[in-house]
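The values are calculated or read from the model by the stated rules, or taken from the named source; none is laboratory data. Worth saying up front: this structure is predicted, and the values here are computed from it rather than measured. Every residue, glycine among them, receives a Cβ derived from its backbone with ideal geometry; neighbour counts consider all protein chains shown.
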Amino acid sequence: MSTAGGAGLIPRADRGKIRPLPNNWSGFVSDQVMKQAMISVAIFIGVTASSLVVRKVLVSVLHRWASRTKTTLDDLLLGAIRYPSLLWCLAIGLYLAIGTSALPAAYVTYSFKVIHVLVILSVTFALANISARLATMAVHETGVALPVTGLSQVVIKTLVLSVGVLILLDTLGISITPVLTALGVGGLAVALALQDTLGNLFAGVHLLMERSIRVGDFIKLESGQEGYVIDIGWRTAKIRMLPNNLVIIPNSKLAQSVVTNYYMPETKMSALIPVSVGYESDPDQVERVLVEEAVKAAGEVPGMLDDPAPAVRFIPGFGASSLDFTLICQVKEFTDQYLVQHELRKRILKRFRQEGIEIPFPIRTVHLTRDREDDGPAH
């Protein structure tokens, strides 16, 4: 039996009924594939371009509408969807182009799943950002005494992303129950490996819930550093010192440290200015001069308050070479005391010179005695 050209595989009776393929058949198939590919590309470009035009018109209309409203909610929503909407336009173009193509059904199904995954992820991230910003805006506009820090925003975003991941798994046909079980078992191992990190995380949550330290408070640590709390994150807290340097301290150490909060129970506080005069000075005159200068400065020096009224106390009292007084005045917050003390000391010095009140130099009297048994010089 001859098998040349495959003729031996065809029964003898049917050999005359089968015609050979035309020589240009491969070119015909290539032309069909190319034509279908060009149609799919044209659909993708046309639909995507149309979607981008519609998006641009809608964004422009919404932007003009948002600029005329007083609330910032619409601006926030518009900013959150501005960039994800570009991906959505591309997704619409890909969806229609693949759906009308001649690709096998399996490839079309897989492509649609990829598009669904990208869209769900983009929507999830957009909603996470919107939720965090909405929480911040709601606290600031309503004046509710709730802390809004990096940690709280991370918690909000994590919750939204978790819901998005569950929806994504359901879309892909993956059962959630085994995943949750695996996460529960793996979570124990992760917790043991990340004890320090989790300790700082829960310490940060404790600080936020207890509200003994809030963002914006001026605090002083037992180690001596002092400054404004600018953020309490998931691992560390950041404190901006007066020289404009940052102190970064783990949440667990901050929770265990002895902290002086100068903003609690209120920001107003007393500034104490020690003043010393000579023993020949009249205490009543000194008190009157100090009170007059402080009352006058209360309406002129920024940050100094006139209620409660300034007061003078003869404390600590009798010094080694001076009478020591303490001028007590009120300031709006901790950092205002520096300018207040600066201005008051200049005014007090000028007034003392006018009143003839002397600020003494330290004086020490040294008595020299001579040993009776030795006529030599005293030692």
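Results, tabulated for the structure shown:
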quantity	calculated
Of the criteria (1) assigned to a loop (DSSP other than H, G, I, E, B); (2) farther than 30 Å from N244 by Cβ, which one F334 fails	(2)
Any hit, the range 284-299, residues being outside the structural domain of L242 (by TED's automatic domain parsing), at pLDDT below 90 and exposed (fewer than 13 other Cβ atoms within 10 Å of the Cβ)	yes
Sole residue being of a type in the set (A, V, I, L, M, F, W, C) and modelled with pLDDT of 65 or more, chosen from V33, V53, V29	V53
Close pairs from the range 239-263: first touching a residue at least 24 places away in the same chain (Cβ under 8 Å) and surrounded by 14 or more Cβ atoms within 10 Å (Cβ to Cβ), partner among the hydrophobic types (A, V, I, L, M, F, W, C) and in a loop (DSSP other than H, G, I, E, B), Cβ under 8 Å, at least 6 apart	L254/I213; V259/I213; N261/I213; Y262/F334; Y263/F334
Residue in the range 330-354 that is farthest from Y262 (Cα to Cα), counting only those that are buried (at least 20 other Cβ atoms within 10 Å of the Cβ) and out of contact with any Asp or Glu (no Cβ under 9 Å at 6 or more places or on another chain)	V340
Close pairs (9 angstrom Cβ cut-off, 6 or more residues apart or separate chains): within 14 Å of R82 (Cβ to Cβ) in the range 51-63, hydroxyl-bearing (S, T, Y) anywhere	R55/S85; L58/S85; V59/S85
